[in-house]
Amino acid sequence: MNSVMRLFVGYAVFAQSISAMAQTQPSSRPDPAAVQERLVAADANQDGLISRSEADTSLPRIAKHFDRLDSNDDGQLSGAELKAIAERASRMRR
C-alpha cells in the first residue's frame with residue numbers, strides 16, 4: 001500500500017474515531033468527512049505525511065503536541081500515528 005493510501009486510511013480511522021468520541025459529547029460533533037478533508041488539506045506536499053511545518057500551518061492543536069504524537073521521532077505524522085492518536089483519544093473518553 002503506498003504512503004498516500006496509508007495516510008488516507010489513517011485519516012479515515014481518525015475521522016471515525018473523532019465521530020465516535022463526539023457521540024458522547026452532543027454539543028461538540030465534528031463531522032468525520034470535515035476532519036478528513038482538513039487533514040488531507042494540511043498535507044500540502046501530498047506525500048501522505050503531516051510534517052511539523054504542515055501541522056504548524058494548518059493544524060494548531062496537533063502542532064501543539066507534535067513531539068508527543070510523533071511516536072517514531074521522524075518529524076512527520078503517518079496514517080498509522082494518526083490512527084494511534086485517535087484510538088488513544090477514544091479510550092480516554094470511555
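Remark: pairs (first residue in region 71-94, more than 18 Å from A44 (Cα to Cα); second residue assigned to a helix (DSSP H, G or I) and among the polar types (S, T, N, Q); Cβ separation under 6 Å; 6+ apart in sequence or on different chains) = A86/S17; S90/S17. When residues in region 70-94 are screened for being touching a strand residue (DSSP E or B) at 6+ places or on another chain (Cβ under 6 Å) and within 21 Å of A34 (Cα to Cα), 1 of them pass.
Tally the residues that are surrounded by 12 or more Cβ atoms within 10 Å (Cβ to Cβ) and under 21 Å from E87 (Cα atoms), restricting the search to region 53-76. So the count comes out to 11. How many of the residues making up region 41-52 are surrounded by 12 or more Cβ atoms within 10 Å (Cβ to Cβ), in a helix (DSSP H, G or I) and under 12 Å from the mean Cα position of the chain (by Cα)? Total satisfying the criteria: 1.
Inspect region 6-24 for any residue being loosely packed, with under 15 Cβ neighbours inside 10 Å, at pLDDT below 95 and farther than 24 Å from R93 by Cα and give the result as yes or no. So far as region 6-24 goes, no, none of its residues is loosely packed, with under 15 Cβ neighbours inside 10 Å, at pLDDT below 95 and farther than 24 Å from R93 by Cα.
The values are calculated or read from the model by the stated rules, or taken from the named source; none is laboratory data. Computed from a prediction, not measured in an experiment: that's the story for all the values here. Positions of Cβ are generated from backbone atoms using ideal geometry, with glycine treated the same way; all protein chains shown enter the neighbour counts.
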